[in-house]
1. Label points 7 Å out from Cα along the Cβ direction at Trp281 and Arg257: separation in nm?
2. Would you report the distance distribution of C-alpha pairs in segment 25-94 as whole percents per 10 angstrom bin, up to the bin with the largest distance?
3. Going by average Cβ neighbours within 10 Å, how do the peptides 202-214, 11-23, 33-45 rank, with the highest at the top?
4. Per residue, what volume in Å³ does the convex hull of the Cα atoms of the chain enclose?
5. Using a/c under 1.5 as the rounded threshold, could you call segment 148-272 rounded, prolate or oblate? The axes a ≥ b ≥ c are square roots of the C-alpha gyration tensor eigenvalues, and prolate needs a/b larger than b/c, oblate otherwise.
6. Go through 244-257, 107-120 and give me the packing order, highest mean Cβ count within 10 Å leading.
7. Using the reciprocal of the averaged 1/r over all distinct C-alpha pairs, how large is the Kirkwood radius of segment 240-302 in Å?
8. Once every DSSP H run of n ≥ 4 in the chain is given -39500 (n - 2.57) and the sum is divided by its residues, what mean residue ellipticity at 222 nm do you get, rounded to the nearest 500 deg cm²/dmol?
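Quick note: the coordinates plus some simple rules give every number you see, no bench work behind them. What you see is a predicted model; the values in this text were computed from it and never measured. Backbone-built Cβ (ideal geometry, glycine too); neighbour counts: all protein chains shown.
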Amino acid sequence: MRKYIFLAGRANPALAKEIATELGICEGAVALKRFPDGETAVQLLESVRQQWVFLLQPTSPPVNENLLELLTLVDACRRAGAERIIAIVPYFGYSRSDKRHGRWEPITASMVAELLQVVGVAQLITFDLHASQIEGFFHIPVDSLTAVPILYQALAKQLPADVVVVSPDTGRVMMASQYAQLLHTEVVVLHKQRISGTETEVTQVVGEVRSRPCLIVDDMISTGGTIAKSVKALLEAGAAPEIYVAATHGLFVGKARNQLGHDSIKALWITNTISPPASNWPQLQVVSVAPLIADAIEQLTK
Ligand code: R5P
């Protein structure tokens with residue numbers, strides 16, 4: 001078994017603690033602060049020389065701060081002589097900027113991939129990327145894990161037998177098919193159109209939902225708009241007022257909680273790739289990715 005150090009930024013301390021417990025190790029010591037002008041200040045408090053370093057930091061909101069903290073930690077490790085730096089980024093921020101929609105736009109996911117590699121990341125572990133082709137922005141190994149099986153295990157026993165799986169847009173058809181295969185049911189696809197940067201509408205329900213309970217699956221819930229519009233479209237198409245939601249990454253920004261407060265949403269499953277909301281939310285169930293990450297670390301250091 002290869003020796004390694006496990007470090008974490010400040011984006012998801014609870015997940016870092018769980019992973020360390022799973023592995024039976026202590027987290028490496030780092031000082032993480034902010035200078036009075038807002039600049040990021042990091043310092044390693046132990047040697048990483050000639051060691052493999054696993055560095056956990058989802059680039060969840062505040063995205064830019066968490067991203068910069070990750071980059072500075074990687075830089076510190078590289079300058080301190082780490083042999084190999086493996087970034088564990090369970091939620092990869094900017095993943096939705098994976099192509100240009102207009103001529104004068106950046107492809108920010110590609111730029112973030114470049115930044116990570118330039119500072120010294122030698123391998124990336126991540127979960128349910130918004131688009132699997134993001135892996136192609138990297139020329140280092142990418143271990144792209146999925147939370148679908150662990151979410152399935154959590155939700156399967158709680159779903160009615162006649163449930164249909166709903167993909168809220170064409171981008172999620174593959175994920176919906178994975179859930180449908182596990183649940184032995186059909187997939188319904190919603191045709192989502194973007195009205196503006198923040199607003200979408202569902203123009204068509206492709207498949208039969210009449211009187212059926214629905215499980216909407218997605219890679220992430222950000223403002224909750226996609227789920228809210230999907231619920232509305234499904235109910236208008238005659239679905240039973242019994243809707244379930246499963247998503248890997250729960251960002252819950254802005255008024256997401258209100259958007260997801262519809263009476264017909266009976267349960268909502270997410271993982272802890274991002275620190276889950278602390279507030280009392282009886283429908284919300286959180287499944288931990290810590291065992292999967294611990295297992296990945298063990299496999300890589302065997
Ligand atoms: C979009 O393509 C994604 O897969 C999600 O459906 C979307 O980003 C969720 O965002 P929101 O919750 O703000 O609608």
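1. It works out to 0.8 nm between the two label points.
2. Over segment 25-94, the share of Cα pairs per 10 Å bin runs 20, 52, 26, 1 percent.
3. Working: 202-214: 16.2, 11-23: 18.8, 33-45: 11.5.
Packing proxy ranking, top to bottom: 11-23, 202-214, 33-45.
4. Numbers: hull volume 43.2 nm³, N = 302.
In the chain, the Cα hull volume divided by residue count equals 143 Å³.
5. Numbers: a/c = 1.42, a/b = 1.17, b/c = 1.22.
Judged from the Cα gyration tensor, segment 148-272 comes out rounded (a/c under 1.5).
6. Details: 244-257: 21.1, 107-120: 17.5.
Answer by packing, highest mean first, reads 244-257, 107-120.
7. Working: mean 1/r = 0.0752 Å⁻¹.
So the Kirkwood estimate lands at 13.3 Å.
8. Details: 8 runs with 87 residues, N = 302.
My calculation for the chain gives -8500 deg cm²/dmol from helical runs alone.
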